[in-house]
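Before any comments, here is the structure.
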Amino acid sequence: MNAPLKAVASSGKREANLATTMRDIGREARTAARALALAPPAQKNRALAAMAKTIRNSRAAILAANADDRAEAKSGGATPAFLDRLALDAERIEAMATALEVIRKLKDPVGTVLASWRRPNGMRIERVRVPLGVVGVIYESRPNVTADAGALCLKAGNAAILRGGSESFRSCRAIHAALVRGLVEAGLPASSIALVPTRERDAVGMMLAGLDGAIDVIVPRGGKDLVDRVQTEARVPVFAHLEGVCHVYVDGKAKLAMAKSIVLNAKMRRTGVCGAAETLLVDRAGAAKLLKPLVTMLLDAGCEIRGDAAVQAVDGRVKPAKEADWSTEYLEAILTAGVVDGVDAAITHIERYGSHHTDAIVTEDQAAAEKFLREVDSAIVLHNASTQFADGGEFGFGAEIGIATGRLHARGPVGVEQLTTFNYRIRGSGQTRP
């Protein structure tokens, strides 16, 4: 159900109307989830192909809506990094459509037999992938999540209830309208992908309460305030997503040219993404050759650096780091930097200040690399590669709903497989239990 905004926002009985609207969305999503769970792969793939086509055909409408969103955000004093997360252009719209096509080509996970075995009494047991049901996705800033989340849930046989950020409200509505046209063209329920039709914050609370049992799992994608609220208030399971306090550790045996390339990309490619590096750690054993070139490069690129005493000593432009800086997700051109005594100290620092999201080591020492990969307890750990590869598309998933940093069910990019669970199917021949 997609009630018009005015029906919710203009009534004197706004709260009651909102509650009714949200319950209707939940009920219709639950019905759609049943249909999607039984839908053949070919039908879901037809919908994804149609959705990619309608996204491309709706480019002008999406860009116009996004222009209004960006103008409103800019007038409200949004930072450049925030505006970058919000912005759509022809290239990003094409990337959305392409992601839908990649998801369409993925193997359908529903019905996959994960394991099978026969018991001594002759019963055959199978563990089989099945959809989660109804997935609630609460996200901020990035309107492309509307397409990514809707498509991934659809491929995995789930209905989706999407609540985009108020700052991207118009853009999300335009994208959602295109998705619905694709669903209808393929003969699937329009309510398979629902968008909450209001900016009212109370709608988030209703989703976190589960919409009378309609929602099976919540996926938050946004800043610390959103994630804290979700984890505090949710009465349904949550795919945990903490901040992206991501580190790059440059080991003493790193190649300077590679280190410079990786560090610059990890921080400055896009400062507003959750995989952007927020802390640079340099091995004291290699600081004489590595530290100053890395710091100078970042400063010259327009990145503010807040460093410890050793980092401050190499360039007067470095500001002193406060204790809180080491655990801060800036999401802009600011970086905390420090010198540590080798890989063990780097691992200890990351464990203390990190968020278990994404961390990287740059080194030619294979033993140090393997130790880092084995001992850093993060969802994504990289050797000689930028932290900005923390993205479902880069993993071959087509897209992602978010990066899960918890340990239960899903970890890392949440793609199609992570949006399923399993059941056990047992085939007998009359067995009874003694």
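The values are calculated or read from the model by the stated rules, or taken from the named source; none is laboratory data. These numbers come from a predicted model, not from an experiment. Counting neighbours? That spans all protein chains shown, and the Cβs are built from the backbone with ideal geometry, glycine included. Accessible surface is based on the protein model in full, side chains and every heavy atom, while ligands, DNA and RNA are left aside. Shrake-Rupley method; radii C 1.70, N 1.55, O 1.52, S 1.80 Å.
Things worth noting here:
- Taking each residue as 0.36 nm, the span from Met123 to Arg374 lengthens on full extension beyond its C-alpha to C-alpha distance by 86.4 nm.
- Ligands, DNA and RNA are left out, and with a 1.4 angstrom probe the accessible area of the chain is 43 Å² per residue.
- Taking 19 Å as the straight-line reach from the Cα of Lys53, the aspartates and glutamates in range (excluding those fewer than 8 positions away in the same chain) are Asp89, Glu91, Glu94, Glu101, Asp148, Glu185.
- Percent accessible area from carbon and sulfur atoms, segment 96-255, protein chains only, probe 1.4 Å: 47
- Reachable lysines from Lys224, criterion Cα separation under 23 angstrom, eight or more residues apart if same chain: Lys74, Lys267, Lys322
- Summed side-chain charge close to Gln312 - residues other than Gln312 whose Cβ falls under 10 Å, Lys, Arg +1, Asp, Glu -1: +1
- Modelled FRET efficiency - R0 35 Å, Asp365 with Thr112, Cβ distances, 0.05 increments: 0.30
- For the chain, adding -39500 (n - 2.57) for each run of n ≥ 4 DSSP H residues and dividing by the number of residues yields -13500 deg cm²/dmol at 222 nm.
- Inter-label distance, nm, simple model (7 Å from Cα along the C-beta direction), Arg23/Leu38: 2.7
- Accessible surface of segment 289-328, 1.4 Å probe, proportion on carbon and sulfur as whole %: 56
- Placing +1 on each Lys and Arg Cβ and -1 on each Asp and Glu Cβ, with no other charges, gives segment 170-216 a dipole about its Cα centre of roughly 300 debye.
- The trypsin sites (Lys or Arg not before Pro) of segment 386-433 meeting both criteria, a DSSP state outside H, G, I, E and B (loop) and at most 14 other C-beta atoms within 10 angstrom of the site's C-beta, are Arg407.
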